[in-house]
Structures are given as C-alpha cells and as structure tokens.
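Below: the structure, in structure tokens.
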Amino acid sequence: MLVNEFSLAPRLAPKAAITPTDQSSTSNVFNVMSFGAIGDGVTDDTQGFKMAWDSACDSDEPATLLVPKHYTFLIQSTIFTGSCGYGIVFQIEGTIMAPDGPRVWPKGMSMRQWLVFYRVNGMSLQGDGVIDGRGAKWWDLPCKPHKILEIHLLSILGNEKIRHRSARDPMEKPCPVLVIAPFFRIFKTQAIRFYMSTNVTVIGLKVNNSSQFNFRFDGCHGVYVDSLTIKAPALSPNTDGIHIENTDDVKIYNTLISTGDDCISIGAGSYNIDIKNITCGPSHGISIGSLGMKNTRACVSNITIRDSVIKHSDNGVRIKTWQGGLGSVSKVRFINIQMDTVRNPIMIDQYYCQTKGKCRNRTSAVRIHDISYQNITGTYDYRSPPMHLGCSDSVPCTNLTFSDVQLMPSQGRYILNPFCWNAYGDLQTLTIPPLFCLRDGNPESFRPTDVNQC
C-alpha cells in the first residue's frame with residue numbers, strides 16, 4: 001500500500017565508479033575531496049561522497065568522513081549503507097546541497113528521499129556546516145496542499161488559466177503523492193533519513209529549506225540529537241523538523257526549529273522519548289501523531305517534552321488521531337512549556353482530518369490516557385480557545401492531569417473558555433482560564449478492557 005511504502009527499506013545506491021586519488025588523506029580522516037569531490041556547487045559530487053563513505057566504512061578502526069569548510073557540494077539522492085566495522089563520524093564543515101528542484105532531479109533517482117543512512121550503528125552526523133535542501137521549487141508544485149486547494153477553488157470559480165495550467169507545463173503534472181482526500185495530497189519527502197539504525201548521534205548542524213521532512217528516524221534504537229538549527233519558511237508545506245516513527249530511546253535537546261509544519265512529530269511505534277530545551281516556531285507546534293489513519297494500530301508511550309518555548313505557531317503541544325484507529329497514547333508529560341502567541345496551546349484532537357468534513361465517523365479510536373500538563377504558561381492567539389480537548393465519543397480520554405496552567409490572550413482582555421468533549425481527569429491546581437469542562441474521575445460506562453490496546 002502507498003501509505004506503508006515509506007517504511008520499506010530504501011533501494012541501494014549504485015556503487016562508485018571512480019578511483020580515489022588519495023585514500024588516506026590523513027590518518028583515519030577521509031576527506032571527500034580526496035575521492036574526487038570538487039565542491040564548486042555545480043559539479044555532481046555524489047560519487048566522491050560514496051567512495052569516501054565506503055572507504056571509511058571499511059576502515060579497521062574508527063574513521064571520520066570529512067566535508068571540508070569553504071566548499072559547497074552538490075549531492076544527488078544517495079544511500080549510505082552500513083553496517084560498518086567501527087563507528088563513523090560524518091563531519092560536515094562545509095555545505096551539502098540538494099539538486100535545485102524536480103526539473104533537475106536525475107531520472108531513476110528516488111524523489112521521496114535525499115540522504116539516507118541505512119543500517120548504520122554508532123554513527124555521528126555532526127559539525128558546524130550546512131545542509132541545504134533547496135526546497136522552494138518543490139513547495140510550489142501544484143500537488144502541494146496549498147496549491148491543490150488554490151487550483152481547485154479557482155477552477156470552481158471558472159478561472160480557465162489556472163484550470164488548464166498543467167496541460168501547458170509538463171512539470172506541473174501531479175507528482176508522486178499519498179492521496180488523503182479529494183484535492184488534498186501530501187508528498188512525503190525526507191531530506192535526511194535514518195532507517196533501521198542504532199546508536200545514532202546528530203549534533204550542531206544547520207539544516208535549511210528541506211523540500212519536506214528535514215529529519216526522519218524510522219525503525220531506529222538509540223538516537224541523540226543536540227544543538228541543531230532547522231529552518232524553513234512558515235508557509236513551506238509539510239516541512240516537519242524532526243519526525244520519529246517506530247523508534248525508541250530518543251533524546252532531542254537544545255535545538256531551534258522554525259518550519260512550515262510540526263517542529264517535532266512523533267509517529268506510531270515510538271516510546272521512551274525525552275525532548276528538552278526546544279525553541280519552536282513559527283510552526284505547527286510539537287505533535288504526537290497523526291495516529292490511526294486508515295484504521296491502523298498506533299502505540300506511543302513514555303514521552304516527555306519539557307523546558308521549551310513555542311512561539312507564533314498554529315498549535316502548541318498536540319495529540320492528533322484519526323477516527324477508526326486502534327492502540328493507545330499513554331504516559332505523556334508536558335512540563336514547563338512557555339507559549340508565545342500560539343493558536344491552540346494545548347490540544348487533543350481525536351477527529352483529525354486533512355480535509356474538514358471529508359472523513360467518515362468511526363466508533364473505534366486510539367485510546368488516550370495518562371497525559372500530564374504541568375506549568376504550561378504564556379499567551380494564546382485569541383482566535384482559538386487556549387485548551388481544546390476533543391476526545392472520541394466511544395473511547396474517552398482518561399487520567400488527564402493539569403497543574404499550574406496559565407494561558408492569557410495575546411491581544412485584548414477577553415478570555416476564551418476551553419473546549420472539552422468526553423475528557424476525564426483531574427485539576428491539581430486551578431487553571432487560567434478555568435477548565436470547568438473537564439470531567440472528574442473515570443466514565444462509568446467505559447472499561448479499558450473493551451478497547452483493543454497495545
């Protein structure tokens with residue numbers, strides 16, 4: 001199924017075809033320029049990187065692959081494959097740059113991923129350099145959500161110029177996407193993907209303008225992320241900063257993220273995740289989900305998000321699930337989060353739907369329980385309530401706890417009332433605004449054993 005193909009193993013990249021000029025440049029330091037890379041920002045340096053990687057991977061002791069500063073390297077869609085005998089440090093001091101949009105993307109190369117690290121163990125991707133996804137021309141494709149809606153609405157209004165634009169320009173035909181609902185499609189590209197890898201470290205890099213996902217960790221164990229700067233324009237579609245899927249034992253610290261989608265998104269099969277000192281926004285906030293799409297099972301647990309700032313964002317801390325899903329979200333703690341002009345600072349949405357009014361009602365749902373909100377303070381965008389707890393009709397949210405929650409409107413004096421639907425829990429302190437709509441205790445008619453959980 002299309003929905004699952006992003007979890008499949010990536011196809012291996014072709015082996016390098018040139019001979020390095022100096023395989024040992026420095027002891028255990030494999031400089032990509034010694035393997036044929038030019039670094040002028042125009043020449044395709046993919047093969048030089050592949051050869052440097054293969055040599056470092058084959059080393060009989062820990063090795064460093066060096067991307068030197070003052071150079072810009074153009075790299076095509078590439079897979080760096082383990083398992084290497086010893087850990088590799090992928091040291092980026094210069095700039096790595098993607099092809100400039102779909103027109104120049106080589107035929108036969110995957111458009112769904114750019115740089116993939118597959119089955120690596122003990123690797124560190126680090127440095128003071130830049131990874132430039134050059135995403136602007138991807139964002140303007142007509143298959144992007146904002147373009148799909150624009151074209152559809154204008155065609156309804158009889159704008160022939162827009163309606164027939166694709167027929168004149170062959171590059172504006174629909175691109176490979178997941179069809180979610182009529183006139184709404186999502187192209188799930190990953191700039192940097194770690195797949196089925198263990199003990200991975202990513203430190204210090206600047207990642208700019210990814211075509212969509214900046215980082216994706218899928219099927220990994222043991223991930224440490226620190227001191228990254230991830231940026232894309234606020235209107236760039238689906239440019240999640242860091243996405244985690246089927247991955248456990250994750251630490252994300254001291255990172256600045258400003259994108260057109262979630263700063264951090266946590267997908268199904270993820271647990272034991274600690275997120276601390278994140279500066280997030282503008283963005284769509286920090287999200288668990290979306291989960292349970294197309295009646296799938298999703299299990300997420302033991303998540304802590306703490307000591308962070310979310311500013312000028314559509315959402316703050318959010319849990320979102322589709323109707324009809326199975327599984328559970330549990331043991332989640334949001335602690336010491338500062339909100340600055342955030343539209344939905346606290347949100348549970350169990351009626352998540354990409355196109356409003358286009359999703360059928362379902363009786364099953366991902367169960368949400370044991371969620372804690374502590375010391376959530378700051379200001380909210382007055383257009384939406386500061387707390388939205390929209391839980392399933394048939395599977396209520398239970399054991400939601402709130403303490404020291406104080407949210408005030410960023411403009412004006414009128415305080416909006418929170419919204420609750422089938423939400424049960426405990427107010428450990430009085431909240432601002434008061435969360436009177438939260439129900440005490442547990443629902444009498446609901447038994448957790450009735451739910452197909454994790």
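The values are calculated or read from the model by the stated rules, or taken from the named source; none is laboratory data. Fair warning: this is a prediction, and the values are worked out from it, not measured in the lab. Cβ sites come from the backbone with ideal geometry, for glycine too, and all protein chains shown count toward neighbours. What goes into the accessible areas is simple: the full protein's heavy atoms, side chains included, and nothing from ligands, DNA or RNA. Shrake-Rupley method; radii C 1.70, N 1.55, O 1.52, S 1.80 Å.
Could you tell me which residue of the range 401-417 is most open to solvent (accessible area, probe 1.4 Å), considering only residues that are touching a residue at least 40 places away in the same chain (Cβ under 8 Å) and assigned to a loop (DSSP other than H, G, I, E, B)?
Result: Ser410.
Could you list, in sequence order, the residues of the range 428-451 that are more than 21 Å from Phe334 (Cα to Cα), open to solvent by 90 Å² or more (accessible area, probe 1.4 Å) and touching a strand residue (DSSP E or B) at 6+ places or on another chain (Cβ under 9 Å)? Steps first, answer last, please.
As a first pass, look at the range 428-451 and keep what is more than 21 Å from Phe334 (Cα to Cα): 442-451.
Narrowing the set further to residues that are open to solvent by 90 Å² or more (accessible area, probe 1.4 Å) leaves 442, 444-445, 447, 449-450.
The one that is more than 21 Å from Phe334 (Cα to Cα), open to solvent by 90 Å² or more (accessible area, probe 1.4 Å) and touching a strand residue (DSSP E or B) at 6+ places or on another chain (Cβ under 9 Å): Asn442.
Yes or no: the range 321-331 includes at least one residue that is in contact with a Phe, Trp or Tyr (Cβ under 7 Å, 6 or more places away or on another chain), within 20 Å of Thr429 (Cα to Cα), assigned to a strand (DSSP E or B) and not charged (D, E, K, R). Lay out the reasoning, then the answer.
The initial filter retains those residues of the range 321-331 that are in contact with a Phe, Trp or Tyr (Cβ under 7 Å, 6 or more places away or on another chain), namely 321-323.
Still in the list and also within 20 Å of Thr429 (Cα to Cα): none.
No; the residues of the range 321-331 include none that is in contact with a Phe, Trp or Tyr (Cβ under 7 Å, 6 or more places away or on another chain), within 20 Å of Thr429 (Cα to Cα), assigned to a strand (DSSP E or B) and not charged (D, E, K, R).
Restricting attention to the range 191-214, which residues are of a type in the set (Gly, Ala, Ser), outside any strand (DSSP E or B) and open to solvent by less than 10 Å² (accessible area, probe 1.4 Å)? Can you show your working first?
Taking the range 191-214 and keeping what is of a type in the set (Gly, Ala, Ser), we get 191, 197, 204, 210-211.
Next, only the ones that are outside any strand (DSSP E or B) stay: 197, 204, 210-211.
Matches in the range 191-214: Ser197, Ser210.
With the checklist (1) within 25 Å of Asp128 (Cβ to Cβ); (2) open to solvent by 10 Å² or more (accessible area, probe 1.4 Å) in hand, flag the one item Ile257 doesn't pass.
(2)
Which condition breaks for Gly425 when tested against (1) open to solvent by less than 20 Å² (accessible area, probe 1.4 Å); (2) part of a loop (DSSP other than H, G, I, E, B); (3) within 19 Å of Phe334 (Cα to Cα); (4) not hydrophobic (A, V, I, L, M, F, W, C)?
(2)
For (1) buried (at least 19 other Cβ atoms within 10 Å of the Cβ); (2) under 14 Å from Ala37 (Cβ atoms), each residue gets a yes or a no:
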{"residue": "Asp60", "(1), (2)": "no, no"}
{"residue": "Leu65", "(1), (2)": "yes, yes"}
{"residue": "Phe73", "(1), (2)": "yes, yes"}
{"residue": "Thr78", "(1), (2)": "yes, yes"}
{"residue": "Glu93", "(1), (2)": "no, yes"}
{"residue": "Arg103", "(1), (2)": "no, no"}
{"residue": "Met109", "(1), (2)": "no, no"}
{"residue": "Leu115", "(1), (2)": "yes, no"}
{"residue": "Tyr118", "(1), (2)": "yes, no"}
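Only one of (1) closer than 19 Å to Gly289 by Cβ; (2) open to solvent by less than 20 Å² (accessible area, probe 1.4 Å); (3) assigned to a loop (DSSP other than H, G, I, E, B) fails for Thr398. Which number is that?
Unmet condition: (3).
If I filter the range 229-254 down to residues being in contact with a Ser or Thr (Cβ under 6 Å, 6 or more places away or on another chain) and over 21 Å from Lys320 (Cβ atoms), which single residue comes out as least open to solvent (accessible area, probe 1.4 Å)?
Asn254
Just to verify a result, which residue in the range 83-106, among those that are assigned to a loop (DSSP other than H, G, I, E, B) and touching a helix residue (DSSP H, G or I) at 6+ places or on another chain (Cβ under 7 Å), is farthest from Gly133 (Cα to Cα)? Step through it out loud before you land on a result.
Applying the first criterion (assigned to a loop (DSSP other than H, G, I, E, B)) to the range 83-106 yields 83-87, 93-94, 98-101, 105-106.
Of the ones still in play, those that are also touching a helix residue (DSSP H, G or I) at 6+ places or on another chain (Cβ under 7 Å) are 84, 100-101.
Values: Cys84: 27, Asp100: 8, Gly101: 9 Å.
Checked the range 83-106; the qualifying residue farthest from Gly133 (Cα to Cα) is Cys84.
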